[in-house]
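Step one of this worksheet: look at the structure below.
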Amino acid sequence: MTICHPMTFPPARRYIGSKKRTWCISVACSSSALMFILAIAGCANAPPPDIKRLRYAEEVVGTNREELQWNFHSILEYTSSDNDFAPPNIGSGTNNGKTDFCTIAKYIQNAVTDEKPVEIRGLGLQFPGYLIGIEKAQREILGLSEGAFSECNDTVANTIFRQSFLNPFLLETQTEESVCFMKRRLDDGLRTFLSHIVAFRSNTRGALPRVTGSLLYNVYTQSDLLCNVQEAKTSGRPVTYEKGIFRNGHEGGLQTLKASLKNDLENGKNLGTPYSHIFVYVMGWNTAQAESIENFNNLFGYMLDAAEKDNSFKPLILGISWPSAWSFGTSPWDDFIRGVSLWNKKNDADELGATWSNYLLNDVIANIKLEYPSLRVVLIGHSFGARVATRTLYSCNLLPQPKSCSNTIDLVIGLQSAFGRSRFGNGVAPTWQESFPFLPLHHEGMPFTDFSGIGQFSAQQAYLWSRYDSATSLTAMMGGANAIEHTLDRSDVFTHLPDNKYVPGEIPHSDDLIKSVQNFNPETSKKTALLMDGSGIVRHDTPYHGGGSHSDIYTREIGRLTWELVKKFAPARLPKEGGAK
């Protein structure tokens, strides 16, 4: 028996504007009752479902590939208020089946509608804090000039630095090689941008206390920005920088976050329970947003378990999700694509550290810390997330007005770090790596070649590694034993824990490492990077993750270690009498 039914096929996000098709089901029937039911179902002629406004916004921005880009803003999927918002041209029956965001922008401006804020359920943090969503799009759509094939001269580099909110006067103070290296990190045809910020706060409404998410910033509902892109596409001209999504994220999104953070700190102070710490987490390669949120909850949650007896410890968490993959498929071809993406994602991690993470830590939080000097700031990254973290720390010097950002971050923790030892200063790794035409994974360049030296920052740097981590051992990066073995003769830069020794083949117990951190005296030690042998902690494989034990970090032991590092290098400081300021 064959039953045919007209419908829009399939009603999925990647097929906006698809034609009506017919699907047919062949059924071998075993009873007349079943045949009757199926026959009735086949006669139904349901209209195709409406398409969400989010689908049209994704198409405008260029993040409408369901199999990839949606993974980096998945938290936004069920925040649409389309059911409450119906301007004249929304839906599939007007404007050739697409939404005209210019009309919507006027509609909202004329106050015809009053959209209610939509609280976020499902995905989210288990604690008060923020999720900061970074994505990638064509630089022309974002309002950015120049590009990958532009010449590295003063005019081009000045434009790229200025539009990226970095110091254009670097051209006058740094070498041409350094400037061009930094230019290559920022001239990709696809650039990162701030797409959304979600705040999570305690909610005592209703029968049960809970944590609820709410949107602070969402580029997919910024109809005026989307209108700019639509008009530019229609006219064949690029989006102007002044009206671009990139600039709006910096001047609109981050400033909204800054105001919200200050409000949180002020409320905590007024309630007599001031916030003691801000934790910023960023995850690594091939990590979708949903998995990032799960990882934040694990890492932060286990650390809170270890700290539950300390009443002076009241932290806020900020988690950064970023476009860290080229594929989330499961075929051999997808495995190949992911492998090839390693070099690109290495550069994306450095771009994120030099731009959005840099703005967040060394501008937004740096200015907040000037007003709340008792606040401690801890930056934690895993794998390429540790690459983001170190690039963030050193990129303070790239800002037009660094102010006191060299003292903003108190502690940097790298878990199975995916970067090379040359990141710690000149001469730590072979110099040929800095001039090799085909860049190795640990090729560092600016700002590390120009602003190297651990002593310039107040932050203590601590990096966990394991000999069971094959992902970083194979590439001689700092999460594995291969790179660590080359640091033994550099006691001026590195200190090894436990007990400032490294014995090949000897596996320290997790308690040995934690006791070593407890006994470490930073007052009598020269400022060095701590290299912590976590082979007794990080030693198991993780389902659906490669690299040996590379992702074996979501454990109680890592929570204990993190808490001991915080107590040692970023302990809570009571605010002075009269408030936190």
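Read the figures in this text as sums done on the coordinates, not as results from a lab. Just so it is clear, the structure is predicted and the values come from calculations on it, not from any experiment. Cβ sites come from the backbone with ideal geometry, for glycine too, and all protein chains shown count toward neighbours.
Computed quantities for the displayed model
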| read-out | value |
| --- | --- |
| Chymotrypsin sites (Phe, Trp or Tyr not before Pro) restricted to DSSP loop in the stretch 248-304 with at most 11 other C-beta within 10 Å | none |
| Share of alpha-carbon pairs per 10 Å distance bin for the stretch 274-569, given as whole % | 6, 30, 39, 21, 3, 0 |
| Student exercise, the stretch 274-569 dipole from Lys, Arg, Asp, Glu Cβ charges, in Debye to nearest 20 | 480 |
| Interatomic Cα distance distribution for the stretch 119-181, bins of 5 angstrom, percent | 3, 13, 20, 16, 10, 9, 9, 8, 8, 4, 0 |
| Cα Rg, Dmax (largest Cα-Cα span) when computed across the stretch 188-240, Å | 17.6, 54 |
| Restricting the stretch 483-546 to GluC sites (Glu not before Pro) in coil, as DSSP defines it, with at most 13 other Cβ within 10 Å | Glu485, Glu506 |
| When the stretch 398-555 is reduced to its Cα atoms, the Kirkwood hydrodynamic radius in Å | 16.5 |
| Loop chymotrypsin sites (Phe, Trp or Tyr not before Pro), the stretch 154-252, which have at most 14 other Cβ atoms in a 10 Å radius of their Cβ (DSSP) | Phe169 |
| Interchain or long-range residues, amide H under 5 Å from Arg376's placed H | His277, Ile278 |
| Anchor Lys262: aspartates and glutamates whose Cα lies under 14 Å away (excluding residues fewer than 8 positions away in-chain) | Asp363, Glu371 |
| Extension reserve of the Lys501-Asp305 stretch, reckoned as 0.36 nm per residue once the Cα distance is removed | 67.6 nm |
| Radius 13 Å from Cβ of Phe149, net charge of other residues (Lys, Arg +1; Asp, Glu -1) | -1 |
| Computed E for Asp511/Arg237 - FRET, C-beta separation, R0 60 angstrom, nearest 0.05 | 0.40 |
| Gln456-Leu574 FRET efficiency (beta carbon distance; Förster radius 35 Å; 0.05 resolution) | 0.80 |
